[in-house]
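Take a look at the structure below.
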Amino acid sequence: MLRVIASILCFSLYASSAWGAEARTDAPVARINLTPGAAPASPELVAELAEHDRRLFDAVFGCKLDALAALVADDFEFVHDKHGLTADSGAKFMDGMRANCAAQATGDNFRARRELVEGSMSVHVLNHYGAMQMGEHRFFALQPGQSDRLTETGHFINLWRRIDGAWKLSRVISYDHRLAE
């Protein structure tokens with residue numbers, strides 16, 4: 001019992017000295033300066049990034065490599081839930097795209113197309129950087145003489161940055177891919 005009383009007394013002395021230091025009134029008080037997040041994306045920005053999204057995937061799946069290179073930033077990064085970090089520069093991404101287009105030309109890889117799920121796209125301004133575009137998309141295999149076949153669905157986050165007055169794709173996170181049944 002004596003130990004319990006001694007422990008309580010020690011704790012009481014510690015607490016009063018420790019908490020007393022925090023309650024000092026002569027300590028400087030920081031001002032609370034809060035800033036709101038970026039303003040919502042304007043309808044014009046949403047439309048502009050929707051058009052860039054269309055151009056991006058037209059170039060990717062149409063093997064329009066010059067058009068694609070014009071949309072990708074030099075410091076581009078692409079992270080994919082299936083393959084991890086697939087590119088850590090615009091040059092590496094373009095090398096991969098050239099290899100994919102060559103594989104399609106030889107028949108070693110199938111042609112595909114991508115479809116943005118209507119109503120799924122959202123755009124958020126990132127002050128002092130650019131904008132984040134998010135959405136859901138579907139992918140289809142294209143085989144001669146056959147209907148386009150849904151192969152999978154997935155989600156994406158694209159970070160677009162204004163560089164020298166043009167929107168460039170800087171980061172991509174492609175995730176939650178699910179094979180079609």
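A few notes on this one:
- Folded to 0 to 90 degrees: helix 43-61 orientation relative to the chain principal axis, Cα: 50
- Selection among Val125, Ala41, Val29 by position relative to the dipole of the chain gives Val29 as farthest towards the positive end (Cβ unit charges, Cα centre).
- Relative to the longest principal axis of the Cα atoms of the chain, the long axis of helix 90-106 makes an angle of roughly 30 degrees.
- Kirkwood hydrodynamic radius computed over region 43-179 comes to 15.5 Å, based on all pairs of distinct alpha carbons.
- Look at the alpha carbon pairs under 8 Å that are at least 6 residues apart: their mean separation over the length of the chain gives a relative contact order of 18 percent.
- Net charge over other residues, Cβ less than 9 angstrom from the Cβ of Thr153 (K, R count +1; D, E count -1): -1
- Between region 103-169 and region 35-58, the Cα center-to-center distance that results, in Å: 14
- With Cα atoms, 0 to 90° folded angle of helix 2-22 axis to the chain main axis: 70
- As a proxy for reagent exposure, ranking Asp75, Asp176 by other Cβ atoms within 10 Å from fewest up yields Asp176, Asp75.
- About the Cα centre, charge dipole magnitude for the chain (Lys/Arg +1, Asp/Glu -1 at Cβ), debye: 340
Values quoted throughout were computed directly from the atomic coordinates according to the rules given, and no laboratory measurement underlies them. This structure is a prediction, so every number in the text was calculated from the model and none was measured. Reconstructed Cβ throughout: ideal geometry from the backbone, glycine too, with neighbour counts over all protein chains shown.
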